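K.L.:
Shown below is the structure under consideration.
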Amino acid sequence: MSDQEAMHVTLVKYESGLGVPGIMAPQISNSVEISAAPNGGQIVRQTFENNRPGSKQTGELSANSAATVLNLVTQLTALPVTSKHGGPDVFGANTVVLVRQGKQVVWGYNPGAGCCAGPDAETEFTVSSDHKAQFAEIVSNIYQAGETAL
């Protein structure tokens, strides 16, 4: 990663589950968008009520917090992920994650409520309990690093 190009992390947290296919949309709790570079970064936290935007907070990340986020992104990208969108929430965290550098998607996890149930749906993707624990810890730590700036 060049010093000028920030890493962008988007986390979308759902209340519980990811909805019911074709019946009920998932309820978004909040979203966090972090742009982190070695010299610092920014965070935007948006809450939702009934899937409508609520309060919005913004803040500046210190170089230390940004370095923490960048380190966590490195750990996150080492986890296995399916190349398909949708499917069950194998990490069990009710969280969608997208990591970009510039316009390039570096890593993404976007479970859905069975939206990819077509003939090419990937049904064999599973993760170990260790990977589930790592995912939950990394996501929690990204949230915490960002919260220090709000």
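Coordinate-derived values only; no laboratory data. All values reported here derive from a predicted model rather than from experimental measurement. In this analysis, Cβ positions are derived from the backbone assuming ideal geometry, glycine residues included, and neighbour counts consider all displayed protein chains.
K.L.:
Using a basic spin-label model with each label point 7 Å from the Cα along Cα→Cβ, how many nm lie between E49 and W107?
P.N.:
Calculated label separation equals 3.5 nm.
K.L.:
What ranking do 34-40, 69-75 get when scored by the average of other Cβ atoms within 10 Å per residue, highest first?
P.N.:
Highest to lowest by the protection proxy: 34-40, 69-75.
K.L.:
Using a 10 Å cut-off on Cβ atoms, rank the peptides 138-145, 57-64 from the highest mean neighbour count down.
P.N.:
Averaged packing, sorted descending, gives the order 138-145, 57-64.
K.L.:
For the range 29-98, report the translational diffusion coefficient in µm²/s to the nearest whole number, using Stokes-Einstein at 10 °C, 1.306 mPa s, and a Kirkwood Rh over Cα pairs.
P.N.:
113 µm²/s
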